[in-house]
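Presented below is the structure to which this report refers.
The values are calculated or read from the model by the stated rules, or taken from the named source; none is laboratory data. As the structure is a computational prediction, the values presented were derived from the model and not from experiment. Every residue, glycine among them, receives a Cβ derived from its backbone with ideal geometry; neighbour counts consider all protein chains shown. Heavy atoms of the whole protein, side chains included, go into the accessibility calculation; ligands, DNA and RNA do not. Shrake-Rupley method; radii C 1.70, N 1.55, O 1.52, S 1.80 Å.
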Amino acid sequence: DVLPLWVAEMDVPLAEPVARAITEAVALGDTGYPAGTAYAEALAGFARTRWGWDGIEVGRTAIVPDVMLGIVEMIKLVSGPGDPVIVSPPVYPPFYLFVRSMGRAIVEAPLADGRLDLAVLEQTFQRLRADRPVYLLCSPHNPTGTVHTTDELTALARLAKTYGVRVIADEIHAPVVSKDVEFVPYLSVDQNGLSLMSASKGWNLSGLKAAVAIAGPAAADDLARLPEEVSHGPSHLGSIAHTAALREGGDWLDAVVSGLDENRKLLVSLLDEHLPEIGYLPSPATFLAWLDCRNLGLGDDPAAVFLDRGRVALTSGAGFGTGGAGFARFNIATSPEVITEAVRRMATAL
């Protein structure tokens, strides 16, 4: 009886080109090991068409099991066992889980009003410059949906160069950006950066594991040191599915992005009517809504109350680090009917 609006996958039918590619592979018995550069080539073509960016050179890419495991490997390539990792909370909770599982210290440089705080980043970079720190950039940012601007990313790259910080960008949500907003690939402003991209969020393929690690021109030698065994982790069917999505799934993605724009408007209207105390600023990216519930008097974990009293499962903001207490993350990648019912239940819970 619980509406599960916490998990980061979409209530959508699978894109037809993806379903066809998987079905054809199975019919052929093509279920072996992944090989070749088709996925990276498809991503390069998508970036060229979608973002006007011709910066993905296939020779500076590697296929990795998924974005988070790719991030772990990139951290190992550009820093040592005792070096800290900097994040900007509130941010995707697995950043904390995976980094701490490596035995690394996490240092927070929190967002300011949902955007990168360049002054705080500079102070943090300067303080840690002797420790070979790594900065994990979430772009677009999860959970706020912030799309970082060219100016912000250029300033970040300048700070990273000045203080010797290596930037690794998690750009998994890059395809899910409104048409009227420009997504800026981080490597377009930092030749020394590393990026992880995937079709998993844009086309709802998280269970088909595969991602692409991309090096800026000055970071090619770093990526070349990636252990050979890492390439054994991606799913062959995953690579096939992601390649098909990037090559042939543009129209499907456009429909999803348009639907998300409509759902954001719907959520604003519903909250205004039923829960005006909740703060929500619609963001142009991701399929996630970051709800400020602090004025409801529900404590640090309002999601627990909505689950217990309203049977709506949202993601607790507490796990997103500093700035997450009192917030909840709401997945809007579902039908208008489900969103309407969820808000009704949330209001009833109060």
Is it true that R344 is among the basic types (K, R), more than 25 Å from F183 (Cα to Cα), free of Cβ contacts under 8 Å to residues at least 40 places away in the same chain and surrounded by fewer than 21 Cβ atoms within 10 Å (Cβ to Cβ)?
-> no
If you check P81, P13, which single one turns out to be part of a loop (DSSP other than H, G, I, E, B), out of contact with any strand residue (DSSP E or B) (no Cβ under 9 Å at 6 or more places or on another chain) and without any contact (Cβ under 8 Å) to a residue 12 or more places away in the chain?
-> P13
If we scan the range 275-292, do we find a residue that is in contact with a His (Cβ under 7 Å, 6 or more places away or on another chain) and either open to solvent by 50 Å² or more (accessible area, probe 1.4 Å) or at pLDDT 95 or above (or both)?
-> yes
Six or more apart or on different chains, Cβ under 7 Å: which pairs go from a residue in the range 294-320 that's within 14 Å of F330 (Cβ to Cβ) and free of Cβ contacts under 8 Å to residues at least 60 places away in the same chain to one that's among the basic types (K, R) and open to solvent by 20 Å² or more (accessible area, probe 1.4 Å)? Could you list them?
-> G310/R345
In the range 86-112, residues that are closer than 21 Å to Y186 by Cα, open to solvent by 20 Å² or more (accessible area, probe 1.4 Å) and either without any contact (Cβ under 8 Å) to a residue 12 or more places away in the chain or assigned to a helix (DSSP H, G or I) (or both) total 2
Here are some residues: V2, V64, V18, V26. Which one is among the β-branched types (V, I, T) and closer than 29 Å to A109 by Cβ?
-> V64
Within the range 319-342, can you find the residues that are farther than 19 Å from P93 by Cβ, part of a helix (DSSP H, G or I) and within 25 Å of the chain's Cα centre (by Cα)?
-> P336, V338, I339, A342
hydroxyl-bearing (S, T, Y), open to solvent by 30 Å² or more (accessible area, probe 1.4 Å), touching a residue at least 24 places away in the same chain (Cβ under 8 Å) and not in a loop (DSSP other than H, G, I, E, B), is that true of T23?
-> no
Could you please tell me which pairs satisfy a Cβ distance under 8 Å, a separation of 6+ or placement on different chains, a first residue in the range 113-138 that is open to solvent by 70 Å² or more (accessible area, probe 1.4 Å), and a second residue that is of a type in the set (D, E) and not in a loop (DSSP other than H, G, I, E, B)?
-> R115/E152
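For the range 319-333, enumerate the residues that are aliphatic (A, V, I, L, M) and more than 12 Å from W290 (Cα to Cα).
Selection gives A333 alone.
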Restricting attention to the range 234-251, which residues are farther than 12 Å from L205 by Cβ and open to solvent by 40 Å² or more (accessible area, probe 1.4 Å)?
-> R247, E248, D251
Answer from L226, L291, L281, L298 - the residue that is of a type in the set (A, V, I, L, M), touching an Asp or Glu at 6+ places or on another chain (Cβ under 7 Å) and not in a helix (DSSP H, G or I) | L226
Which one of these is on the phi < 0 side of the Ramachandran plot and either open to solvent by 10 Å² or more (accessible area, probe 1.4 Å) or in contact with a strand residue (DSSP E or B) (Cβ under 7 Å, 6 or more places away or on another chain) (or both): L153, L187?
-> L187
Is the range 252-274 home to any residue that is surrounded by 21 or more Cβ atoms within 10 Å (Cβ to Cβ), modelled with pLDDT of 95 or more and among the hydroxyl-bearing types (S, T, Y)?
-> no
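Condition check ((1) crowded, with 21+ Cβ neighbours inside 10 Å; (2) assigned to a strand (DSSP E or B); (3) without any contact (Cβ under 8 Å) to a residue 40 or more places away in the chain; (4) not acidic (D, E)) across all residues:
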{"position": "D54", "(1), (2), (3), (4)": "no, no, yes, no"}
{"position": "I63", "(1), (2), (3), (4)": "yes, yes, no, yes"}
{"position": "L69", "(1), (2), (3), (4)": "no, no, no, yes"}
{"position": "V72", "(1), (2), (3), (4)": "no, no, yes, yes"}
Using the structure shown, decide if R309 is under 30 Å from A210 (Cα atoms), out of contact with any Lys or Arg (no Cβ under 8 Å at 6 or more places or on another chain) and either assigned to a strand (DSSP E or B) or modelled with pLDDT of 95 or more (or both).
-> no
Looking at the range 151-173, which of its residues are within 26 Å of A255 (Cα to Cα) and without any contact (Cβ under 8 Å) to a residue 60 or more places away in the chain?
-> E171
